[in-house]
Structures are given as structure tokens and as C-alpha cells.
1. What's the angle, to the nearest 10 degrees (0 to 90), between helix 15-26's Cα axis and the longest principal axis of the chain?
2. Can you sort 31, 48 from fewest to most other Cβ atoms within 10 Å of each residue's own Cβ?
3. In degrees, nearest 10, range 0 to 90: what is the angle between the Cα axis of helix 68-82 and the longest Cα principal axis of the chain?
4. How big is the convex hull of the Cα atoms of the range 13-102, per residue, in Å³?
5. Angle between the Cα long axis of helix 88-102 and the longest principal axis of the chain, 0 to 90 degrees, nearest 10?
6. Considering the chain as a Gaussian network with a 10 Å cut-off on Cα pairs, which listed residue, 19, 86, 73, attains the greatest mean-square fluctuation?
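Read-outs throughout are calculated quantities, based only on the coordinates presented, and are distinct from any laboratory measurement. Predicted model only: the values in this text are computed from it and were never measured. Glycine also receives a Cβ, built like all others from the backbone with ideal geometry; neighbour counts cover every protein chain displayed.
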């Protein structure tokens, strides 16, 4: 099984699965083992979840019922946010990985 952010790449995907992968991706890229020290805080996952929810809200998407377009818009919001903290190459790498998942959606 090939997986990406906990998603089986050989299995059918839904927008909710991709949304959850986006949360995990953002957690790994922005919070886990970073120089921000966020991985040492007890509510790190909650913090990352809130950032993704905010990205959906600010881009006019529905976090609870995402679609392909809202996933793309939320990812763009997260890229803007991450640009304040992360190297552009890291952002591009993670965005490309999420695009693999988004592109598998109908």
C-alpha cells in the first residue's frame, strides 16, 4: 500500500479524506518537529486544525462538506500563511503532495 498523509493512494478518495490529509500535511509541515516549538505544546493538532478551518472560512469553503474547489482554495490560503514561516521549497513540496490527492477527486 502506498500512502500519503495516512491516505491509501490506491483506494477511492473523497473530499473529506483529502481534507483530513490536508490537516495532517499542515501539521507535519508547520507544527511537527519545527523550530517553532509547536510540537512540544499539548494542543498542537488542535492549533493546526483551527488553521485549516480558518483557511476554508477565509476562502469561502465549507470545512464540513468540502469539494475539490474549496480544497484548492484552502490550500492556497495555507500556502500564504506558511510563507511567513517556511522555506518556499518546503511549501511547494507539501502543496504538490496534496495536489496528488486533490487531482484524484472527481
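1. Its long axis makes an angle of about 20 degrees.
2. In increasing order of surrounding Cβ atoms, one gets 31, 48.
3. Orientation of helix 68-82: about 10 degrees from the principal axis.
4. On the way: hull volume 7.3 nm³, N = 90.
Per residue, the Cα convex hull of the range 13-102 comes to 81 Å³.
5. 30 degrees
6. 86
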